Amino acid sequence: MKALMFDYDGTLALVNEERFAEEYFFLLNVFMVERYKMALDHFNILDCIAHITRCADGAINNYDRFLKCFSDRFSKFDWKGVFESFYASEEFDKLRKLVKPNNKVIELLRRAKESGLLVVLATNPIFPRNATEKRLRWIGLSLSDFNHATFMENSHFCKPDPRYFLEICRTISVEPKDCLMVGDDDLFDGACTSVGIRYKPVELISKDGKKSLQEWLFE
C-alpha cells in the first residue's frame, strides 16, 4: 500500500449533506441578491454540476466546464468572480456550523502520513480550490496535510467516473492496486474498485478503532 484516499463529506467531515445543500443554496441566493441584485435558481447550478459529471472529455477542467455551462444559461458575466467572492464571504462561513470533524478518520489520516503513505483528499471536485481550503479549515485541516487534493481547477472528471480515480493515480504516480479509498458512498466512492483501487467504507474505522494502521490497511 502506497496511498490512502479520503472523501470529505461523510468521511473526514460529519455532515448532513441534504441540509448542507439546502442551506448552501439559500445563503448563495442571499449573497447574490445583496451583492448583485439578482437571484439564482439552484436547479441551474445542479444542472451544470450534472453536466460536468456526465459530459467530461478531459479537455478542460471542471471549473472551466462549469463556468461555461453557467455562462451559456445566463448573460455573459464574471461568474468566476461571483463564486470566488461567495466562497470568501461570511455567508459561506455560516455553513461551518453544519460541519463537524470526524476525529477517528482524521487520526487515521495523520497516522497514515506519519507512516510514510501518501494521503489524498479525494473529495468530489465540485468546489473550487478556495472553497475546498475553507471547508478543510472547518475540520481543523489544510491542504498541507495532504500530498494531493482534488478540486475543480485541477480535476477533469467527477465521481463516480472511474477516470476521476485514474487521474489521481497519474498525478501521484501510484498504481491503482497500491491505493485504498476511504469513503461513505458505495456508488461514488466505491466506483474506485472498477479501476483496481481497494475501497473501505468509513464505518469500518469506528468498528476497527483498536487495530493498528497496518492491520486495518491490509486485512
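The values are calculated or read from the model by the stated rules, or taken from the named source; none is laboratory data. Note that the structure is predicted; figures quoted are calculated from it, not measured. Methodologically, a virtual Cβ is constructed for each residue, glycine included, from the backbone with ideal geometry; neighbour enumeration extends over all protein chains shown.
Some points to look at:
Table: residues versus (1) at pLDDT 95 or above; (2) within 23 Å of Asp9 (Cβ to Cβ); (3) among the β-branched types (Val, Ile, Thr); (4) in the same structural domain as Asp186 (by TED's automatic domain parsing).
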| site | (1), (2), (3), (4) |
| --- | --- |
| Asn29 | no, yes, no, no |
| Ile45 | no, yes, yes, no |
| Ile49 | no, yes, yes, no |
| Gly58 | no, no, no, no |
| Arg65 | yes, yes, no, no |
| Cys69 | no, yes, no, no |
| Ser75 | no, no, no, no |
| Leu108 | no, yes, no, yes |
| Ala122 | yes, yes, no, yes |
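- When Phe70, Phe43, Phe31 are screened for being more than 21 Å from Asp184 (Cα to Cα), more than 17 Å from the chain's Cα centre (by Cα) and surrounded by fewer than 16 Cβ atoms within 10 Å (Cβ to Cβ), only Phe43 passes.
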